[in-house]
1. Filter the range 34-72 down to residues that are more than 20 Å from THR85 (Cα to Cα) and of a type in the set (D, E, K, R) and give me whichever is modelled with the lowest pLDDT.
2. If SER19 satisfies all but one of (1) at pLDDT below 90; (2) touching a strand residue (DSSP E or B) at 6+ places or on another chain (Cβ under 7 Å), what's the number of the condition it fails?
3. May I ask you to say which residue of ASP109, ASP87, ASP64 is among the charged types (D, E, K, R) and touching a strand residue (DSSP E or B) at 6+ places or on another chain (Cβ under 7 Å)?
4. Quick one: which strands (runs of 3 or more DSSP E) lie wholly within the range 12-121 and hold at least 3 residues that are without any contact (Cβ under 8 Å) to a residue 60 or more places away in the chain and exposed (fewer than 11 other Cβ atoms within 10 Å of the Cβ)?
Amino acid sequence: EQDDYTEEINAHYQLPEGSPDWCGHKNAQEIINEYLFRDVSENYSISKLLGVVEFKGGSYGAADIDITVTGNQGHGQHYGTVYFTEDASDVWIHVEMYEGIGMEVHFVDGEKVEEIKFGEQ
């Protein structure tokens, strides 16, 4: 059992084979900390490193994220993906609040340039 748990933890931090180091956990975590506005009722964690992926016509480092929200309405679990360039000058955050309902937020050079809601809200 311990070996399975250790493998699961290691998979959390491992990049897909052949991925550049800049797609790693440290950079992904820094981007999440900078671009997802944290408050005490939300807890973010990286669930999986995806390496380099194609998104919106470009190549980005990517990481799947879990977001736990606790508030007056109770406890909720949301999911998303953060996409980022090597120098973090181009960042997309895709979050689903419920299946098929959520938003994408685009940052260029640290400034929010676009917010796209999808699904019925």
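The values are calculated or read from the model by the stated rules, or taken from the named source; none is laboratory data. Since we're looking at a predicted model, the values are computed, not measured. Neighbour counts run over all protein chains shown; Cβ positions are idealised from the backbone, glycine included.
1. The selected residue is ASP39.
2. (1)
3. ASP64
4. Those strands (runs of 3 or more DSSP E) span 74-84, 111-118.
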